[in-house]
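This report refers to the structure that appears directly beneath it.
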Amino acid sequence: MIKKNSLPQEVASNIRKDILKGKYLLDEKLPIEPELMKKFGVGRSTIREAIKLLSNAGFLRVQQGVGTFINSININEEPIDQRLKRADIQELNEVRQLLEMKIAEKAAVNKSEKDIAALKHFLTERAHFATQNDIGRCIDADICFHTALAEASKNEILCDLYKATSVHVKNWFIDIYTDTEDFKVSQNLHEQLLKHVIASDPQKSWATVERIIKHQY
């Protein structure tokens, strides 16, 4: 019997474990809903939500009117957010660096006036909270600035990847920064970055992100 806490996630986790253990073969049909309901002691809606979660993660393939089939038996198909949680700091930072440089390059070409307004707003907040030595809000403003930059790139995949990565980067920042001194020092570089994005200069935007990264590390 599955616990009442997060039923779809619990059921999805158990089915996923069965798949990874080899209980089901690739392209094999998953048992029908009534069998799964009986096995896990849950209702139909919970089973359907669990199947939806596993389909989104790439483990299952739903064919309307036919059934649900095993789509992958590879452990490497785990959701990106779960994979990021397991990443060490060096791996996470390398991914973040590559994303931020490409995002800056694309933002310089594709940004809108609305994007520029958002970037100016978050950069102003970053400077304000850095001056106030409010590290929590300063980190939030920094992450929001780079997220707005990702949105300005107009590349949805880059943006989604950055947003998924930024959650873990934020937690890392909270762990390593005790004051806003580094944010004060790097404020000028961020202002230069915004200037190059507004000027539609992808090369200088990329290069400025490189400088920001070198300053941080």
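Tabulated data
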{"read-out": "Only listed residue being over 19 Å from the mean Cα position of the chain (by Cα) and either in a helix (DSSP H, G or I) or among the basic types (Lys, Arg) (or both), chosen from 213, 174", "value": "213"}
{"read-out": "Identity of the residue in segment 1-52, part of a loop (DSSP other than H, G, I, E, B), in contact with a helix residue (DSSP H, G or I) (Cβ under 7 Å, 6 or more places away or on another chain) and not charged (D, E, K, R), that ends up surrounded by the fewest Cβ atoms within 10 Å (Cβ to Cβ)", "value": "43"}
{"read-out": "Subset of segment 175-184 [farther than 23 Å from residue 95 by Cα and at pLDDT 95 or above]", "value": "179, 180, 181, 184"}
{"read-out": "Helices (runs of 4 or more DSSP H) enclosed by segment 87-158 - at least 3 residues per element that are basic (Lys, Arg)", "value": "89-110, 113-131"}
{"read-out": "Odd one out for residue 172, checked against (1) under 26 Å from residue 90 (Cα atoms); (2) in contact with a Ser or Thr (Cβ under 9 Å, 6 or more places away or on another chain); (3) hydrophobic (A, V, I, L, M, F, W, C)", "value": "(2)"}
{"read-out": "Pick from segment 184-211, criterion touching a residue at least 60 places away in the same chain (Cβ under 8 Å) and within 24 Å of residue 132 (Cβ to Cβ), ranking: surrounded by the most Cβ atoms within 10 Å (Cβ to Cβ)", "value": "193"}
{"read-out": "Neighbours by Cβ (under 9 Å, 6+ apart or cross-chain): first from segment 106-129, without any contact (Cβ under 8 Å) to a residue 24 or more places away in the chain; second part of a loop (DSSP other than H, G, I, E, B) and surrounded by fewer than 22 Cβ atoms within 10 Å (Cβ to Cβ)", "value": "128/134"}
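The values are calculated or read from the model by the stated rules, or taken from the named source; none is laboratory data. All values reported here derive from a predicted model rather than from experimental measurement. Note: ideal-geometry Cβ built from the backbone for every residue, glycine included; neighbour counts use all protein chains shown.
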